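Below: one structure, written as structure tokens.
The values are calculated or read from the model by the stated rules, or taken from the named source; none is laboratory data. As the structure is a computational prediction, the values presented were derived from the model and not from experiment. Positions of Cβ are generated from backbone atoms using ideal geometry, with glycine treated the same way; all protein chains shown enter the neighbour counts. With ligands, DNA and RNA removed, areas are computed over all heavy atoms of the protein, side chains included. Shrake-Rupley method; radii C 1.70, N 1.55, O 1.52, S 1.80 Å.
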Amino acid sequence: MRKTTFIQAINEALREEMQRDERVFLIGEDIGHYGGLFRVTRNLLDEFGERRVIDTPISEQGFMGMAVGAAMAGLRPIVELMYMDFYLVCADQIFNQAAKMHYMTGGLLNVPMVIRGQQGGGKGYGSQHSSSVESTFAQFPGIKVVAPSTPYDAKGLLVSAIRDENPVLFLEHKMLYFTRGELPDAEVDYTVPIGKSEVKRAGKDLTLATFGYTLLQALEAAEELQAEQGIDLEIVDLRSITPLDMEGVLTSVARTGRLLAVHESQSNAGIGAEIVARTYEEAPYLLKAPARRLGMAPASLPVSKPLEEELLPWKRNIKAAVLEMMK
Amino acid sequence: MAEPSLKASVPSAKAAVAEATAVLATEQLLSMYRKMVLIRRVEESLLDLAGSGKIGGAMHTAIGHEGAAVGMAAALRPQDYLTCTYRGHHHSLARGMDPRRAICEVLGKAPGFAKGKGGSMHFLDPSLGLMGANGIVGAQVPHAAGMALAAKIRGDDRVAITFFGEGALYQGLMHETFNMAQKWKLPVIFYCENNRYSEMTPISRTSSVAEIHLFARAYGMESVQIDGNNVEVVYETVARAAARARAGEGPTFIEGVTYRLAGHMANDLETYRSAEEIDMQRSYEPLTQLQQTLLGRGVAADLLAQLRAEVEQEVQSAVEFALEAPWPDVAEAYTDVYKV
Ligand SMILES: Cc1ncc(C[n+]2csc(CCOP(=O)(O)OP(=O)(O)O)c2C)c(N)n1
């Protein structure tokens, strides 16, 4: 074991899978010569050359569509979207093409590709560069969605995503990039399965289900709530949004009797609403108090710092929601 | 990775603008000079503020691009529509945006024109015809064509101009827009500020066509490549394009060759180009060019120094104003989602 950054973990997963599988290639803006705007693909051009690390013009619709085509032809493209918000300029290729291909061809074709990149708020990038997209993607069957919160999970989930036979969206929160964590030595081949949650903090009073950067915020909130109020949170890291590990969530709720689902995408019709609804459908008898979700208020993230802080479902808002539920 | 010098790739101003319109009066050139210095100093101050951690997010300056903005502002009417990219401080200031409110917006302060919600990438002031800078590459271009369509439907004589980088030409929606704008003879000017890099990528690495204004020719559109750092040439070219547009002759595509002297955005490490390359461009940059023109016309160097000192004071007081300005009330986080 050693400590690495989140960025390094992703970079290693890309490199090792490219070494292992000739079919894997990278495509995106400024990923080769520059090494990625956030340096995630650093040094990969040197190692694998322009045949497998492809710098594109700013043509998301075109290169996303070409990745779909290359995947249909048997390769394993990994597409970087510089900001996840830009999925909207190539949405047809993702949702109408990649996600539906296997189904509408009666299983004759499949699209084994990964779309990865950073998302989320916290750095004042404003309305068009701060969205969190997991809830929208969850509306489309045929594409899987994962969002790790630690370097270990990032590497393990990315390897799983690359080896998956389906399109997988791999979400990296921009606030996670320089966080550090334990990683097995480079030669250890491990994966984290898609669709499996993990308890990141055991507790007895309330289950907080989340993923990605809000998980770190939730862990901090949990320590403060423990110290200040004696409230003991159990924190379930969903890790995958599609498929959703409801079994993991309900197993935890069986211990605590309370559920709060937290995410940075919209609260309204978001993945938290889905988790709450499924809890009521599948095991309402586990709940001692009404289950809740906490997401983004109906607005896009503004540049102005106090306004952005007001809206993000981070520590302050998480603590307030928990306190209300524990009243 | 270094590109050939800017001058080498730009045809002379004479070749670009076949029939030169009236020569600008020295008075007018002086006011353009003042504006250019103002833009430069506002942006340099913003870079300082970003360096001291006062600005979050992504801030893109147009240092070196001022010729396009100031030439355009002199050539168009105040009510003409304008859209542009995240690199849009210069267009807005050239059209008369108050520098104090501009800096407030970048800092996310309440007196910003968008209450600090939009920030550096979303400059606008509809009262000045500034209909919005955009964070999505290419997105503002059909908007301008739509404003031109609106003018045509209403039957008024407003024109629309849109600014974009050469990198935007590889977005499909650009080409859809060019075709319709030309087919419908819309009063729109497509102004490409070709600074030869899209983010960290030199254009030679991504474009199938070396002279990018030729893309427009595929749609039968009038197109021209000019020295975008020469404010007189920009003025003349935009004025001619606007006259064509108002006369119902349709769109013009202008490729104004320029060079971005600062990073793609604040805190850009600029590993993709050399210091020599940047230095080489300094003698062609718009402020240097205009200063030489003015001195050549016999304007006293002292007068220019005095203008610069005036601007300096204005910019310093704008920065102070913005630093002391209040933050927006947190209740603003929830407003403006729908118009009520
Ligand atoms: C659709 C989309 N893709 C990618 C980006 C990220 N991005 C912002 S600026 C930029 C480069 C644009 O280059 P160019 O059009 O030449 O304009 P310049 O920045 O040089 O003024 C890129 C890739 C974006 N904002 N929108």
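Computed quantities for the displayed model
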item	result
Long-range neighbours under 6 Å by Cβ, at least six apart or interchain, first residue more than 15 Å from residue A:34 (Cβ to Cβ) and of a type in the set (Asp, Glu) within the range B:199-214, second modelled with pLDDT of 90 or more and within 10 Å of the ligand (Cβ to nearest atom)	none
Residue selected from the range B:168-195 under the condition away from the ligand (no atom under 15 Å from the Cβ), more than 22 Å from residue B:124 (Cα to Cα) and open to solvent by less than 10 Å² (accessible area, probe 1.4 Å), by the criterion nearest to the other protein chains (Cβ to nearest Cβ)	B:178
Hits in the range A:43-69 (condition: away from the ligand (no atom under 16 Å from the Cβ) and open to solvent by less than 20 Å² (accessible area, probe 1.4 Å))	A:44, A:52, A:53, A:68
Candidate set: the range B:131-167, residues that are away from the ligand (no atom under 16 Å from the Cβ) and part of a loop (DSSP other than H, G, I, E, B); chosen: the one surrounded by the fewest Cβ atoms within 10 Å (Cβ to Cβ)	B:155
Residue A:58 being in the same structural domain as residue A:174 (by TED's automatic domain parsing) and over 22 Å from the mean Cα position of the chain (by Cα)	yes
Test result for residue B:64, in a loop (DSSP other than H, G, I, E, B), surrounded by 21 or more Cβ atoms within 10 Å (Cβ to Cβ), touching a residue at least 24 places away in the same chain (Cβ under 8 Å) and over 17 Å from the mean Cα position of the chain (by Cα)	no
Selection count where residues are more than 30 Å from residue A:306 (Cα to Cα), of a type outside the set (Asp, Glu) and either in a loop (DSSP other than H, G, I, E, B) or under 16 Å from the mean Cα position of the chain (by Cα) (or both), scope the range A:76-132	13
Residues of the range B:293-340 that turn out to be more than 10 Å from chain A (Cβ to nearest Cβ) and assigned to a helix (DSSP H, G or I), as a count	28
Top-ranked residue in the range A:283-299 [being open to solvent by 80 Å² or more (accessible area, probe 1.4 Å) and not basic (Lys, Arg); ranked as nearest to residue A:214 (Cα to Cα)]	A:298
Qualifying residue in the range B:253-260 (condition: acidic (Asp, Glu) and open to solvent by 10 Å² or more (accessible area, probe 1.4 Å))	no
Every pair of residues 6+ apart whose Cβ atoms lie under 6 Å, when the first sits in the range A:44-69 and is over 23 Å from residue B:137 (Cβ atoms) while the second is of a type outside the set (D, E, K, R) and away from the ligand (no atom under 16 Å from the Cβ)	A:44/A:53; A:48/A:18; A:52/A:25
Members of the range A:1-39 found to be more than 23 Å from residue B:170 (Cα to Cα) and within 14 Å of another protein chain (Cβ to nearest Cβ), listed by number	A:39
The one condition in (1) more than 10 Å from the chain's Cα centre (by Cα); (2) within 16 Å of the ligand (Cβ to nearest atom) that residue B:101 fails to fulfil	(2)
Selection from the range A:180-192 of residues that are in contact with a Ser or Thr (Cβ under 9 Å, 6 or more places away or on another chain) and surrounded by 13 or more Cβ atoms within 10 Å (Cβ to Cβ)	A:180, A:181, A:183, A:191, A:192
Matching residues in the range A:211-263 - criterion: being among the hydrophobic types (A, V, I, L, M, F, W, C), part of a strand (DSSP E or B) and either open to solvent by 10 Å² or more (accessible area, probe 1.4 Å) or within 18 Å of residue A:325 (Cα to Cα) (or both)	A:233, A:235, A:236, A:259, A:260, A:261, A:262
